[in-house]
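Written below as structure tokens is the structure these notes are about.
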Amino acid sequence: MSHRSGRRTWSCFKHGRRSRLFYSFHVYQGRKGEPKGFAWRDYRDLIVRAHIQLGGPIVLVWDNLRAHLMPQMRAFIKANADWLTVFQLPSYAPDLNPQEGIWALVKRTIGNLAAANLEQMARAVKRSLKQIQYRSALVDGCITDTGLSLDG
């Protein structure tokens with residue numbers, strides 16, 4: 001039986017406000033009919049939730065994950081161009097992606113964990129993400145590590 005985890009994290013910045021981290025985490029158990037990862041609809045739903053919670057337009061910079069490039073996602077982006085602008089990162093550019101820094105922090109916090117099972121590992125990852133979420137300076141650091149400016 002294979003086990004995988006899917007993950008979505010977004011670092012959000014608005015000048016004059018504290019940085020925010022949105023995340024969602026999925027553990028694939030290998031059950032028949034269970035989705036292995038996130039579909040374009042999951043990303044769409046997270047964009048809509050972020051838009052509602054942040055209360056303003058969103059400029060989204062993301063990688064070339066297959067779900068990000070689906071025709072349905074492109075149609076959603078085009079239909080919401082009044083509040084949603086999307087820029088694609090180059091094909092392989094982890095140094096430009098703040099989420100790489102977020103996941104490096106998560107891996108550092110769980111690096112010595114000897115998990116008894118997948119559920120224990122998933123709880124540890126979620127706990128780490130929650131801790132990062134409440135420490136906006138960590139999110140800021142991951143954003144500035146990409147070379148992006150927080151000066152507005």
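Classify region 53-103 as rounded, prolate or oblate, taking a ≥ b ≥ c as the square roots of the eigenvalues of its Cα gyration tensor: rounded when a/c is under 1.5, otherwise prolate if a/b is larger than b/c and oblate if not. Spell out each step's value before the answer.
Values: a/c = 2.43, a/b = 1.34, b/c = 1.81.
In terms of gyration-tensor shape, oblate.
Computed over neighbours whose Cβ is under 9 Å from that of Thr146, the net charge equals -3, Lys and Arg +1, Asp and Glu -1. Between the residues Trp62, Leu105, Asn117, the greatest Cα displacement towards the positive end of the dipole of the chain, with unit charges on the Cβ of Lys, Arg, Asp and Glu, is found for Asn117. Pairs of Lys residues in the chain, spaced 8 or more positions apart or belonging to different chains, with C-alpha separations under 28 angstrom: 11 in total. Amide H contacts of Leu84: Ile58, each under 5 Å away and 5 or more positions distant or on a separate chain (H built 1.01 Å from N in the peptide plane; Pro and chain starts excluded). In a simple Cβ point-charge model (Lys, Arg +1; Asp, Glu -1; nothing else charged), the chain has a dipole of about 580 debye relative to its Cα centre. Its relative contact order, with pairs defined as Cα atoms under 8 Å and 6+ residues apart, puts the chain at 24 percent. In plain terms, the chain from Asn64 to Asp140 could stretch by 25.0 nm, reckoned as 0.36 nm per residue minus the Cα-Cα distance. Mind listing P(r) for the chain? All alpha-carbon pairs, 5 Å bins, whole percents. Percent of pairs per bin, in order: 2, 8, 16, 20, 21, 17, 10, 4, 1, 0.
Note on the chain: with neighbouring protein chains present and a 1.4 Å probe, carbon and sulfur make up 52 percent of its accessible heavy-atom surface.
Each Cα pair of region 91-141 feeds into the Kirkwood radius, which the Stokes-Einstein equation turns, at 25 °C and 0.890 mPa s, into a diffusion coefficient of 206 µm²/s.
The values are calculated or read from the model by the stated rules, or taken from the named source; none is laboratory data. Since the structure is predicted, the reported quantities are computational estimates derived from the model, not experimental observations. For neighbour counting, all protein chains shown are included, and Cβ atoms are generated from backbone atoms with ideal geometry for every residue, glycine included. These accessible areas exclude ligands, DNA and RNA; they are computed on the full protein's heavy atoms, side chains included. Shrake-Rupley method; radii C 1.70, N 1.55, O 1.52, S 1.80 Å.
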